[in-house]
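Step one of this worksheet: look at the structure below.
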Amino acid sequence: MKLMTLPAGLALFALLVCASKPVAAQSSAPNIIVILADDLGYADVGFTGCRDIPTPNIDRIARQGVVCTRGYVSFAVCGPSRAGLITGRYQDRFGFSRNPVLAPNDSTMGLPVDQQTIAELLKQKKYRTGAIGKWHLGAHSSQRPGKRGFDEFFGFLGGGHRYLPGDLILKDLSEARSENDGYKTRLLRNETRLDETEYLTDAFSREAVSFVEKNQRQPFFLYLAYNAPHSPLQATEKYLNRFANIQDPKRRTYAAMVSAVDEGVGKLLDKIQALHIENNTLIFFLSDNGGPISDNASSNFPFRGQKSDFFEGGIHVPFAVQWTGHLPAGTTYDQPVSSLDIFATAAALAKAPPRNALDGVNLLPYLTHQVNTMPHQELYWRNFDKQRYCVLSGQYKRIVEKDKPELLFDLSNDIAEKQNLTGKPESAALLESFENKLRIWKQAVINPLFLGLLEDETYSRLHPDRWNISTHK
Ligand code: CA
(Lines give C-alpha, C1' and ligand atoms only; values in the text may rest on other atoms or scores of the structure.)
Protein backbone atom coordinates (compact mmCIF):
# COMPACT_ATOMS: atom_id res chain seq x y z
CA MET A 1 0.00 0.00 0.00
CA LYS A 2 2.87 2.37 0.86
CA LEU A 3 4.30 1.89 -2.64
CA MET A 4 0.91 2.89 -4.01
CA THR A 5 0.55 6.05 -1.90
CA LEU A 6 3.96 7.45 -2.77
CA PRO A 7 3.33 8.00 -6.50
CA ALA A 8 -0.17 9.20 -5.68
CA GLY A 9 1.31 11.73 -3.28
CA LEU A 10 3.83 12.79 -5.89
CA ALA A 11 1.10 13.16 -8.45
CA LEU A 12 -0.88 15.29 -6.05
CA PHE A 13 2.24 17.36 -5.32
CA ALA A 14 2.91 17.78 -9.04
CA LEU A 15 -0.71 18.78 -9.56
CA LEU A 16 -0.48 21.40 -6.81
CA VAL A 17 2.76 22.77 -8.26
CA CYS A 18 1.24 22.97 -11.74
CA ALA A 19 -1.97 24.44 -10.42
CA SER A 20 -0.12 27.00 -8.36
CA LYS A 21 1.71 28.42 -11.37
CA PRO A 22 -1.08 30.41 -13.00
CA VAL A 23 -2.41 31.44 -9.58
CA ALA A 24 1.01 32.83 -8.65
CA ALA A 25 1.26 34.67 -11.96
CA GLN A 26 -2.13 36.26 -11.45
CA SER A 27 -1.55 37.23 -7.85
CA SER A 28 1.50 39.37 -8.61
CA ALA A 29 0.24 42.80 -9.59
CA PRO A 30 0.75 43.39 -13.31
CA ASN A 31 2.14 46.52 -14.89
CA ILE A 32 -0.60 48.65 -16.43
CA ILE A 33 -0.21 50.89 -19.46
CA VAL A 34 -2.91 53.16 -20.87
CA ILE A 35 -2.12 54.47 -24.35
CA LEU A 36 -4.55 57.27 -25.10
CA ALA A 37 -4.77 58.86 -28.54
CA ASP A 38 -6.41 62.29 -28.88
CA ASP A 39 -9.21 63.01 -31.37
CA LEU A 40 -8.42 59.83 -33.31
CA GLY A 41 -11.24 58.89 -35.70
CA TYR A 42 -12.94 55.55 -35.15
CA ALA A 43 -12.01 54.31 -38.60
CA ASP A 44 -8.38 55.48 -38.56
CA VAL A 45 -6.56 52.40 -37.29
CA GLY A 46 -6.11 49.09 -39.05
CA PHE A 47 -8.15 47.05 -36.58
CA THR A 48 -11.24 49.18 -37.20
CA GLY A 49 -10.87 48.98 -40.97
CA CYS A 50 -8.59 51.84 -42.00
CA ARG A 51 -7.18 51.43 -45.51
CA ASP A 52 -5.01 54.49 -46.12
CA ILE A 53 -3.08 54.72 -42.82
CA PRO A 54 -1.22 51.54 -41.90
CA THR A 55 -1.02 51.08 -38.11
CA PRO A 56 0.78 47.73 -37.81
CA ASN A 57 1.89 48.39 -34.23
CA ILE A 58 -1.42 49.55 -32.79
CA ASP A 59 -2.86 46.53 -34.58
CA ARG A 60 -0.42 44.30 -32.68
CA ILE A 61 -2.33 45.16 -29.50
CA ALA A 62 -5.52 44.05 -31.23
CA ARG A 63 -3.90 40.88 -32.59
CA GLN A 64 -2.26 39.98 -29.29
CA GLY A 65 -5.30 40.93 -27.24
CA VAL A 66 -9.01 41.68 -27.33
CA VAL A 67 -10.72 44.24 -29.54
CA CYS A 68 -13.70 45.77 -27.73
CA THR A 69 -15.96 46.47 -30.67
CA ARG A 70 -18.22 48.67 -28.53
CA GLY A 71 -15.71 50.70 -26.57
CA TYR A 72 -17.03 54.04 -25.26
CA VAL A 73 -15.57 57.06 -23.52
CA SER A 74 -17.50 59.03 -20.90
CA PHE A 75 -17.52 62.31 -22.82
CA ALA A 76 -17.03 63.52 -26.38
CA VAL A 77 -14.22 66.07 -25.80
CA CYS A 78 -10.80 65.85 -24.18
CA GLY A 79 -10.90 67.12 -20.60
CA PRO A 80 -14.05 65.52 -19.19
CA SER A 81 -13.27 62.26 -21.00
CA ARG A 82 -9.86 62.16 -19.29
CA ALA A 83 -11.38 63.05 -15.92
CA GLY A 84 -13.71 60.05 -16.26
CA LEU A 85 -10.95 57.69 -17.36
CA ILE A 86 -8.50 58.65 -14.63
CA THR A 87 -11.05 58.45 -11.78
CA GLY A 88 -13.24 55.58 -13.01
CA ARG A 89 -16.28 57.74 -12.26
CA TYR A 90 -18.70 59.74 -14.34
CA GLN A 91 -17.01 63.15 -14.32
CA ASP A 92 -20.41 64.81 -13.84
CA ARG A 93 -20.48 63.37 -10.33
CA PHE A 94 -17.75 65.85 -9.39
CA GLY A 95 -18.53 68.73 -11.74
CA PHE A 96 -15.79 68.16 -14.34
CA SER A 97 -18.24 68.68 -17.19
CA ARG A 98 -16.29 71.10 -19.37
CA ASN A 99 -12.86 71.39 -20.92
CA PRO A 100 -10.78 73.31 -18.38
CA VAL A 101 -9.14 76.57 -19.42
CA LEU A 102 -5.47 77.09 -18.70
CA ALA A 103 -5.58 78.82 -15.31
CA PRO A 104 -2.47 78.17 -13.23
CA ASN A 105 -3.64 80.48 -10.43
CA ASP A 106 -6.97 78.73 -9.97
CA SER A 107 -7.07 75.66 -7.75
CA THR A 108 -10.71 74.96 -8.69
CA MET A 109 -10.00 74.71 -12.44
CA GLY A 110 -9.38 70.99 -12.83
CA LEU A 111 -9.76 67.64 -11.12
CA PRO A 112 -11.01 68.12 -7.55
CA VAL A 113 -8.44 66.76 -5.11
CA ASP A 114 -11.00 64.54 -3.35
CA GLN A 115 -11.26 62.49 -6.55
CA GLN A 116 -8.73 59.66 -6.56
CA THR A 117 -6.72 59.07 -9.74
CA ILE A 118 -5.59 55.63 -10.93
CA ALA A 119 -2.06 56.67 -10.05
CA GLU A 120 -3.07 57.56 -6.47
CA LEU A 121 -4.87 54.24 -6.21
CA LEU A 122 -1.88 52.23 -7.41
CA LYS A 123 0.59 54.14 -5.24
CA GLN A 124 -1.05 52.35 -2.30
CA LYS A 125 0.36 49.15 -3.78
CA LYS A 126 3.82 50.57 -4.38
CA TYR A 127 3.42 51.04 -8.09
CA ARG A 128 5.83 53.36 -9.83
CA THR A 129 3.66 55.79 -11.78
CA GLY A 130 4.33 57.91 -14.84
CA ALA A 131 2.28 60.35 -16.91
CA ILE A 132 3.60 61.29 -20.34
CA GLY A 133 2.04 63.72 -22.81
CA LYS A 134 -1.14 65.71 -22.42
CA TRP A 135 -2.55 66.37 -18.96
CA HIS A 136 -5.51 68.78 -19.31
CA LEU A 137 -6.76 68.02 -15.79
CA GLY A 138 -5.64 71.26 -14.18
CA ALA A 139 -2.59 73.54 -14.30
CA HIS A 140 -2.62 74.81 -10.71
CA SER A 141 0.27 73.47 -8.65
CA SER A 142 -2.14 71.38 -6.55
CA GLN A 143 -3.53 69.63 -9.65
CA ARG A 144 -0.44 68.81 -11.62
CA PRO A 145 0.54 65.16 -12.18
CA GLY A 146 3.12 65.22 -9.38
CA LYS A 147 0.36 66.07 -6.90
CA ARG A 148 -2.08 63.57 -8.38
CA GLY A 149 -0.17 60.36 -7.77
CA PHE A 150 2.40 60.43 -10.53
CA ASP A 151 6.06 59.94 -9.60
CA GLU A 152 7.13 61.14 -13.01
CA PHE A 153 5.67 63.54 -15.53
CA PHE A 154 6.89 64.55 -18.95
CA GLY A 155 4.62 66.68 -21.11
CA PHE A 156 2.36 69.71 -21.03
CA LEU A 157 -0.59 70.87 -18.97
CA GLY A 158 -3.12 72.23 -21.49
CA GLY A 159 -5.15 70.81 -24.33
CA GLY A 160 -3.70 71.42 -27.78
CA HIS A 161 0.07 71.70 -27.70
CA ARG A 162 2.16 72.33 -30.77
CA TYR A 163 4.30 69.50 -32.13
CA LEU A 164 7.39 71.10 -33.60
CA PRO A 165 10.08 71.91 -31.04
CA GLY A 166 10.78 75.21 -32.83
CA ASP A 167 7.22 76.31 -31.98
CA LEU A 168 7.74 75.95 -28.22
CA ILE A 169 8.94 79.50 -27.83
CA LEU A 170 7.58 80.43 -24.41
CA LYS A 171 9.98 79.89 -21.54
CA ASP A 172 7.09 79.01 -19.22
CA LEU A 173 3.56 80.10 -18.32
CA SER A 174 4.77 83.43 -16.95
CA GLU A 175 5.11 84.50 -20.61
CA ALA A 176 1.62 83.34 -21.58
CA ARG A 177 -1.18 85.86 -22.11
CA SER A 178 -3.80 83.62 -23.75
CA GLU A 179 -5.02 80.05 -23.91
CA ASN A 180 -3.28 79.73 -27.26
CA ASP A 181 0.02 80.88 -25.75
CA GLY A 182 -0.19 77.90 -23.43
CA TYR A 183 0.21 75.63 -26.45
CA LYS A 184 3.64 77.10 -27.13
CA THR A 185 5.32 76.67 -23.77
CA ARG A 186 8.36 74.50 -23.32
CA LEU A 187 7.64 71.03 -21.98
CA LEU A 188 7.80 70.05 -18.35
CA ARG A 189 9.78 67.24 -16.79
CA ASN A 190 8.09 67.09 -13.42
CA GLU A 191 8.18 70.79 -12.46
CA THR A 192 11.18 71.78 -14.59
CA ARG A 193 10.89 73.33 -18.04
CA LEU A 194 13.25 71.94 -20.67
CA ASP A 195 14.29 72.44 -24.27
CA GLU A 196 12.97 69.54 -26.36
CA THR A 197 14.57 68.82 -29.71
CA GLU A 198 12.33 66.06 -31.08
CA TYR A 199 8.91 66.07 -32.72
CA LEU A 200 6.51 65.95 -29.79
CA THR A 201 5.05 62.52 -30.53
CA ASP A 202 8.55 61.04 -30.89
CA ALA A 203 9.59 62.67 -27.62
CA PHE A 204 6.65 61.10 -25.77
CA SER A 205 7.44 57.68 -27.27
CA ARG A 206 11.09 58.03 -26.24
CA GLU A 207 10.08 58.91 -22.69
CA ALA A 208 7.61 56.01 -22.52
CA VAL A 209 10.28 53.50 -23.56
CA SER A 210 12.68 54.98 -21.04
CA PHE A 211 10.08 54.85 -18.24
CA VAL A 212 9.44 51.16 -18.87
CA GLU A 213 13.14 50.37 -19.07
CA LYS A 214 13.82 52.17 -15.78
CA ASN A 215 10.94 50.61 -13.91
CA GLN A 216 10.89 47.11 -15.35
CA ARG A 217 11.64 45.43 -12.00
CA GLN A 218 8.68 46.81 -10.09
CA PRO A 219 5.02 47.12 -10.86
CA PHE A 220 4.46 50.29 -12.85
CA PHE A 221 1.56 52.30 -14.20
CA LEU A 222 2.18 54.33 -17.34
CA TYR A 223 -0.38 56.82 -18.61
CA LEU A 224 0.85 57.61 -22.11
CA ALA A 225 -1.46 60.36 -23.35
CA TYR A 226 -0.36 61.35 -26.84
CA ASN A 227 -1.93 64.60 -28.02
CA ALA A 228 -1.75 63.31 -31.60
CA PRO A 229 -3.67 63.46 -33.84
CA HIS A 230 -5.37 66.47 -32.19
CA SER A 231 -4.90 69.77 -34.02
CA PRO A 232 -2.73 71.66 -34.92
CA LEU A 233 -1.93 69.44 -37.88
CA GLN A 234 1.85 69.26 -37.80
CA ALA A 235 4.12 66.44 -38.89
CA THR A 236 7.72 65.92 -39.92
CA GLU A 237 8.95 64.91 -43.37
CA LYS A 238 9.82 61.46 -42.07
CA TYR A 239 6.14 60.70 -41.51
CA LEU A 240 4.71 62.87 -44.30
CA ASN A 241 6.83 60.98 -46.84
CA ARG A 242 4.96 57.79 -45.99
CA PHE A 243 1.76 59.27 -47.39
CA ALA A 244 2.73 60.87 -50.71
CA ASN A 245 -0.23 58.94 -52.16
CA ILE A 246 -2.81 60.88 -50.10
CA GLN A 247 -3.96 63.88 -52.13
CA ASP A 248 -5.79 65.87 -49.45
CA PRO A 249 -3.02 67.77 -47.60
CA LYS A 250 -5.02 67.77 -44.38
CA ARG A 251 -5.61 64.03 -44.44
CA ARG A 252 -1.99 63.50 -45.41
CA THR A 253 -0.71 65.37 -42.36
CA TYR A 254 -3.25 63.63 -40.14
CA ALA A 255 -2.10 60.27 -41.51
CA ALA A 256 1.52 61.20 -40.76
CA MET A 257 0.58 62.10 -37.17
CA VAL A 258 -1.24 58.79 -36.66
CA SER A 259 1.73 56.99 -38.17
CA ALA A 260 4.04 58.67 -35.65
CA VAL A 261 1.85 57.42 -32.80
CA ASP A 262 1.91 53.96 -34.34
CA GLU A 263 5.70 53.99 -34.57
CA GLY A 264 5.92 55.00 -30.91
CA VAL A 265 3.52 52.25 -29.86
CA GLY A 266 5.76 49.83 -31.78
CA LYS A 267 8.86 50.97 -29.89
CA LEU A 268 7.04 50.59 -26.57
CA LEU A 269 5.78 47.09 -27.45
CA ASP A 270 9.25 46.10 -28.65
CA LYS A 271 10.74 47.21 -25.35
CA ILE A 272 8.15 45.27 -23.35
CA GLN A 273 8.88 42.20 -25.46
CA ALA A 274 12.66 42.58 -25.14
CA LEU A 275 12.37 42.86 -21.35
CA HIS A 276 10.19 39.72 -21.26
CA ILE A 277 7.46 41.46 -19.28
CA GLU A 278 4.64 40.95 -21.80
CA ASN A 279 2.96 38.34 -19.58
CA ASN A 280 2.95 40.79 -16.73
CA THR A 281 1.83 43.93 -18.55
CA LEU A 282 -1.76 44.88 -19.27
CA ILE A 283 -2.06 47.41 -22.09
CA PHE A 284 -5.10 49.48 -23.08
CA PHE A 285 -5.27 51.42 -26.32
CA LEU A 286 -8.09 53.88 -27.01
CA SER A 287 -8.94 57.41 -28.14
CA ASP A 288 -10.29 60.05 -25.75
CA ASN A 289 -13.18 60.94 -28.08
CA GLY A 290 -14.23 60.62 -31.70
CA GLY A 291 -12.57 62.42 -34.60
CA PRO A 292 -13.48 66.06 -35.32
CA ILE A 293 -13.84 65.42 -39.05
CA SER A 294 -13.49 68.93 -40.45
CA ASP A 295 -10.82 69.91 -37.94
CA ASN A 296 -8.27 67.13 -38.53
CA ALA A 297 -9.64 65.15 -41.54
CA SER A 298 -10.32 62.08 -39.41
CA SER A 299 -12.93 59.46 -40.26
CA ASN A 300 -15.49 57.93 -37.91
CA PHE A 301 -16.97 55.63 -40.53
CA PRO A 302 -19.49 54.02 -40.32
CA PHE A 303 -20.77 56.21 -37.52
CA ARG A 304 -22.84 59.37 -37.53
CA GLY A 305 -21.37 62.45 -35.92
CA GLN A 306 -18.01 63.48 -34.55
CA LYS A 307 -16.18 64.89 -31.55
CA SER A 308 -18.57 66.65 -29.14
CA ASP A 309 -21.60 64.63 -30.33
CA PHE A 310 -23.31 61.83 -28.48
CA PHE A 311 -23.84 60.03 -31.75
CA GLU A 312 -21.49 57.07 -32.06
CA GLY A 313 -18.98 59.23 -33.91
CA GLY A 314 -18.38 61.27 -30.74
CA ILE A 315 -18.10 58.61 -28.05
CA HIS A 316 -17.52 55.18 -29.65
CA VAL A 317 -13.76 54.81 -30.04
CA PRO A 318 -11.13 52.29 -31.14
CA PHE A 319 -10.54 50.20 -27.98
CA ALA A 320 -8.17 47.24 -27.59
CA VAL A 321 -6.68 45.47 -24.58
CA GLN A 322 -3.64 43.21 -24.46
CA TRP A 323 -2.37 40.99 -21.66
CA THR A 324 -0.36 38.12 -23.05
CA GLY A 325 -1.19 34.78 -21.45
CA HIS A 326 -4.23 36.19 -19.64
CA LEU A 327 -6.52 37.56 -22.34
CA PRO A 328 -7.49 35.51 -25.40
CA ALA A 329 -5.35 36.82 -28.27
CA GLY A 330 -7.01 37.88 -31.49
CA THR A 331 -10.56 37.87 -30.13
CA THR A 332 -13.32 40.45 -30.03
CA TYR A 333 -15.65 41.44 -27.23
CA ASP A 334 -18.98 42.84 -28.36
CA GLN A 335 -20.80 44.16 -25.28
CA PRO A 336 -20.49 47.86 -24.42
CA VAL A 337 -17.42 48.67 -22.31
CA SER A 338 -16.25 52.05 -21.09
CA SER A 339 -13.07 54.01 -20.44
CA LEU A 340 -14.45 54.14 -16.87
CA ASP A 341 -13.65 50.41 -16.62
CA ILE A 342 -9.89 50.97 -16.76
CA PHE A 343 -9.73 52.22 -13.15
CA ALA A 344 -11.87 49.36 -11.83
CA THR A 345 -9.77 46.81 -13.72
CA ALA A 346 -6.57 48.29 -12.31
CA ALA A 347 -8.03 48.30 -8.78
CA ALA A 348 -9.01 44.63 -9.03
CA LEU A 349 -5.69 43.48 -10.44
CA ALA A 350 -3.61 45.43 -7.93
CA LYS A 351 -6.03 44.52 -5.10
CA ALA A 352 -6.12 48.20 -4.23
CA PRO A 353 -9.29 49.50 -2.57
CA PRO A 354 -10.71 52.58 -4.39
CA ARG A 355 -11.47 55.59 -2.20
CA ASN A 356 -14.66 56.54 -4.05
CA ALA A 357 -17.50 54.47 -5.51
CA LEU A 358 -16.70 53.53 -9.10
CA ASP A 359 -18.91 53.57 -12.17
CA GLY A 360 -16.67 51.18 -14.09
CA VAL A 361 -16.22 47.44 -13.63
CA ASN A 362 -13.28 45.05 -13.75
CA LEU A 363 -13.24 43.96 -17.38
CA LEU A 364 -11.07 40.85 -16.99
CA PRO A 365 -13.86 38.32 -16.24
CA TYR A 366 -15.82 39.65 -19.21
CA LEU A 367 -12.98 39.73 -21.71
CA THR A 368 -12.02 36.16 -20.75
CA HIS A 369 -15.69 35.11 -20.97
CA GLN A 370 -15.73 33.81 -17.39
CA VAL A 371 -18.79 36.02 -16.98
CA ASN A 372 -21.39 36.20 -19.70
CA THR A 373 -23.61 38.99 -18.39
CA MET A 374 -23.16 42.55 -19.66
CA PRO A 375 -20.57 44.74 -17.92
CA HIS A 376 -23.04 47.66 -17.99
CA GLN A 377 -26.81 47.55 -18.07
CA GLU A 378 -26.67 51.23 -18.99
CA LEU A 379 -24.12 53.87 -19.83
CA TYR A 380 -24.89 57.59 -19.46
CA TRP A 381 -23.63 60.84 -20.90
CA ARG A 382 -24.40 64.49 -20.10
CA ASN A 383 -23.50 67.71 -21.90
CA PHE A 384 -24.54 70.24 -19.28
CA ASP A 385 -24.30 73.36 -21.43
CA LYS A 386 -26.46 71.92 -24.18
CA GLN A 387 -28.74 70.10 -21.72
CA ARG A 388 -28.09 67.01 -23.78
CA TYR A 389 -28.32 63.53 -22.27
CA CYS A 390 -27.71 60.11 -23.67
CA VAL A 391 -28.51 56.65 -22.33
CA LEU A 392 -27.24 53.44 -23.90
CA SER A 393 -28.81 50.17 -22.85
CA GLY A 394 -27.80 47.12 -24.83
CA GLN A 395 -28.75 47.71 -28.43
CA TYR A 396 -30.83 50.83 -27.76
CA LYS A 397 -29.66 54.40 -27.40
CA ARG A 398 -31.67 57.48 -26.56
CA ILE A 399 -30.51 61.07 -26.94
CA VAL A 400 -32.48 64.01 -25.55
CA GLU A 401 -31.56 67.66 -25.85
CA LYS A 402 -33.30 70.87 -24.92
CA ASP A 403 -35.37 72.24 -27.83
CA LYS A 404 -34.50 69.29 -30.08
CA PRO A 405 -36.46 66.21 -31.09
CA GLU A 406 -35.93 63.17 -28.93
CA LEU A 407 -33.94 60.41 -30.63
CA LEU A 408 -34.03 56.64 -30.21
CA PHE A 409 -31.87 54.25 -32.19
CA ASP A 410 -31.52 50.50 -32.41
CA LEU A 411 -27.79 50.13 -32.88
CA SER A 412 -28.06 46.42 -33.61
CA ASN A 413 -29.34 47.17 -37.10
CA ASP A 414 -28.67 50.90 -37.39
CA ILE A 415 -25.13 51.68 -36.26
CA ALA A 416 -25.21 54.86 -38.40
CA GLU A 417 -28.17 56.16 -36.31
CA LYS A 418 -30.36 57.07 -39.26
CA GLN A 419 -33.71 55.65 -38.15
CA ASN A 420 -35.28 57.58 -35.29
CA LEU A 421 -37.65 55.14 -33.58
CA THR A 422 -39.30 57.59 -31.16
CA GLY A 423 -42.58 57.88 -33.06
CA LYS A 424 -43.22 54.14 -33.21
CA PRO A 425 -45.88 52.85 -30.78
CA GLU A 426 -43.65 49.95 -29.72
CA SER A 427 -40.99 52.44 -28.57
CA ALA A 428 -43.17 54.06 -25.90
CA ALA A 429 -42.40 51.62 -23.09
CA LEU A 430 -38.70 51.70 -23.87
CA LEU A 431 -38.61 55.50 -23.86
CA GLU A 432 -40.42 55.61 -20.55
CA SER A 433 -37.98 53.17 -19.00
CA PHE A 434 -35.05 55.24 -20.32
CA GLU A 435 -36.60 58.39 -18.86
CA ASN A 436 -36.92 56.73 -15.46
CA LYS A 437 -33.35 55.50 -15.51
CA LEU A 438 -32.07 58.91 -16.53
CA ARG A 439 -34.06 60.59 -13.77
CA ILE A 440 -32.31 58.40 -11.20
CA TRP A 441 -28.87 58.97 -12.74
CA LYS A 442 -29.38 62.74 -12.76
CA GLN A 443 -29.74 62.67 -8.98
CA ALA A 444 -26.11 61.56 -8.71
CA VAL A 445 -24.54 64.36 -10.77
CA ILE A 446 -23.79 67.98 -9.94
CA ASN A 447 -23.48 71.21 -11.91
CA PRO A 448 -20.11 72.06 -13.47
CA LEU A 449 -17.58 73.46 -11.00
CA PHE A 450 -15.78 75.69 -13.47
CA LEU A 451 -16.20 77.63 -16.70
CA GLY A 452 -14.82 75.88 -19.74
CA LEU A 453 -12.86 76.64 -22.89
CA LEU A 454 -16.03 77.84 -24.62
CA GLU A 455 -16.22 80.63 -22.00
CA ASP A 456 -12.53 81.47 -22.18
CA GLU A 457 -13.11 85.23 -22.57
CA THR A 458 -15.69 85.36 -19.78
CA TYR A 459 -13.29 83.49 -17.53
CA SER A 460 -10.50 85.98 -18.25
CA ARG A 461 -12.84 88.91 -17.53
CA LEU A 462 -13.88 87.40 -14.20
CA HIS A 463 -10.28 86.55 -13.25
CA PRO A 464 -8.07 89.54 -14.08
CA ASP A 465 -5.14 87.82 -12.36
CA ARG A 466 -5.32 84.88 -14.79
CA TRP A 467 -2.00 85.62 -16.49
CA ASN A 468 -0.31 87.20 -13.52
CA ILE A 469 1.80 84.12 -13.01
CA SER A 470 4.78 84.08 -10.73
CA THR A 471 4.73 80.80 -8.86
CA HIS A 472 2.85 78.18 -10.92
CA LYS A 473 5.07 78.15 -13.97
CA1 CA B 1 -9.62 64.74 -27.55
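The values are calculated or read from the model by the stated rules, or taken from the named source; none is laboratory data. Just so you know, these numbers come straight off a predicted model, no measurement behind them. Note that we place each Cβ from the backbone using ideal geometry, even for glycine, and neighbour counts take in every protein chain shown. What goes into the accessible areas is simple: the full protein's heavy atoms, side chains included, and nothing from ligands, DNA or RNA. Shrake-Rupley method; radii C 1.70, N 1.55, O 1.52, S 1.80 Å.
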Which of the residues spanning segment 323-357 are among the hydroxyl-bearing types (Ser, Thr, Tyr) and surrounded by fewer than 17 Cβ atoms within 10 Å (Cβ to Cβ)? 331, 332
Got at least one residue in segment 428-448 being touching a Leu at 6+ places or on another chain (Cβ under 7 Å), under 28 Å from residue 114 (Cβ atoms), open to solvent by 40 Å² or more (accessible area, probe 1.4 Å) and not in a loop (DSSP other than H, G, I, E, B)? no
Which listed residue, of 292, 302, is buried (at least 20 other Cβ atoms within 10 Å of the Cβ) and either closer than 24 Å to residue 65 by Cα or within 16 Å of the ligand (Cβ to nearest atom) (or both): 292
Listed by range, helices (runs of 4 or more DSSP H) wholly within segment 249-332 having at least 1 residues that are of a type in the set (D, E, K, R) and within 24 Å of residue 30 (Cα to Cα) are 249-274
Among 71, 46, 79, the single one that is small (Gly, Ala, Ser), within 30 Å of residue 177 (Cβ to Cβ) and modelled with pLDDT of 95 or more is 79
Taking segment 124-152 and keeping residues over 17 Å from the mean Cα position of the chain (by Cα) and outside any loop (DSSP other than H, G, I, E, B) leaves 128, 141, 142, 143, 146, 147, 152
Taking residue 259, is it modelled with pLDDT of 95 or more, out of contact with any helix residue (DSSP H, G or I) (no Cβ under 8 Å at 6 or more places or on another chain) and among the hydroxyl-bearing types (Ser, Thr, Tyr)? no
Search result, residues across segment 163-180 that are away from the ligand (no atom under 16 Å from the Cβ) and in a loop (DSSP other than H, G, I, E, B): 164, 168, 169, 171, 172, 176, 177, 178
Checking the structure you have, find out if any residue of segment 100-123 is touching a Pro at 6+ places or on another chain (Cβ under 7 Å), within 27 Å of residue 72 (Cα to Cα) and in a loop (DSSP other than H, G, I, E, B). yes
